[in-house]
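K.L.:
Just dropping this structure here.
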Amino acid sequence: MMIGRVGAEDAWNTPRQDWRRAKHVDVCMVEDDISTVSMVRFLLESAGIGLLSVDSCEGAILALRNTRPRLLLVDLGLPDRSGLEIARIVRGWYNYPVIPIIAVTASAERAGAAWRAGFSGFIAKPLVPKTFQTMVKSWIAMTN
């Protein structure tokens, strides 16, 4: 799902949404690779897990202003900003629920930076389908 662009200063401000009225989503994925999103959508939807996908950091911030995902999956190599910024920003929102934020990366070096930025864990690329499904189900179960 592509979210329209707005001014950067507006997109990165603390969300003004009343979270009691926010739309609930199982998983929000921030990934710019369409083939990865397609595979993840297939794996999650076949397991009964709903997915909202966006392709940029700015799109993620806009989507998170209107949704309450149970899990956030973030590619660290995004076209507009580093995926590390998403965790730093979301963890700084005082009125946003604490959710697992998982880095999706092919780089073990970047996984360490993800921990320091506030990520809850990471999934290595390339994704292994059954392992990926199991990990996502586990993180979602922790939010119940």
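The values are calculated or read from the model by the stated rules, or taken from the named source; none is laboratory data. The model shown is predicted, which means the values in this text are computed figures rather than measured ones. Please note: Cβ atoms are built from the backbone with ideal geometry, for glycine as well, and neighbour counts cover all protein chains shown.
K.L.:
Got at least one residue in region 99-111 being at pLDDT 90 or above and in a loop (DSSP other than H, G, I, E, B)? Steps first, answer last, please.
P.N.:
Step one: list which residues in region 99-111 are at pLDDT 90 or above, which gives 99-104.
Retained after the next criterion (residues that are in a loop (DSSP other than H, G, I, E, B)): 99-100.
Yes, region 99-111 contains a residue that is at pLDDT 90 or above and in a loop (DSSP other than H, G, I, E, B).
K.L.:
Same structure, new question: Based on this model, can you work out whether L44 counts as more than 16 Å from L127 (Cβ to Cβ), crowded, with 20+ Cβ neighbours inside 10 Å, more than 11 Å from the chain's Cα centre (by Cα) and of a type outside the set (D, E)?
P.N.:
Criteria not met by L44.
K.L.:
Also: Could you tell me which residue of region 40-62 is farthest from I102 (Cα to Cα), considering only residues that are in contact with a helix residue (DSSP H, G or I) (Cβ under 7 Å, 6 or more places away or on another chain) and not in a helix (DSSP H, G or I)?
P.N.:
Here the residue is A47.
K.L.:
Just to be sure, is P100 more than 19 Å from D55 (Cβ to Cβ) and within 14 Å of the chain's Cα centre (by Cα)?
P.N.:
Yes; evaluated as a whole, the condition is true for this residue.
K.L.:
Return yes when I89 is within 16 Å of H24 (Cα to Cα) and crowded, with 17+ Cβ neighbours inside 10 Å and no when it is not. So that I can check it myself, show each step before the final result.
P.N.:
Details: within 16 Å of H24 (Cα to Cα): no; crowded, with 17+ Cβ neighbours inside 10 Å: yes.
Spelling it out, it is not the case that I89 is within 16 Å of H24 (Cα to Cα) and crowded, with 17+ Cβ neighbours inside 10 Å.
K.L.:
Here's a follow-up. Considering only residues of region 119-129 that are closer than 18 Å to V27 by Cβ and in a loop (DSSP other than H, G, I, E, B), which is modelled with the lowest pLDDT?
P.N.:
Among them, the one singled out is K125.
K.L.:
For region 22-39, how many residues are touching a strand residue (DSSP E or B) at 6+ places or on another chain (Cβ under 6 Å) and assigned to a helix (DSSP H, G or I)?
P.N.:
So the first thing to find is which residues in region 22-39 are touching a strand residue (DSSP E or B) at 6+ places or on another chain (Cβ under 6 Å), and the list is 22-31, 37.
Still in the list and also assigned to a helix (DSSP H, G or I): 37.
Number of matching residues: 1.
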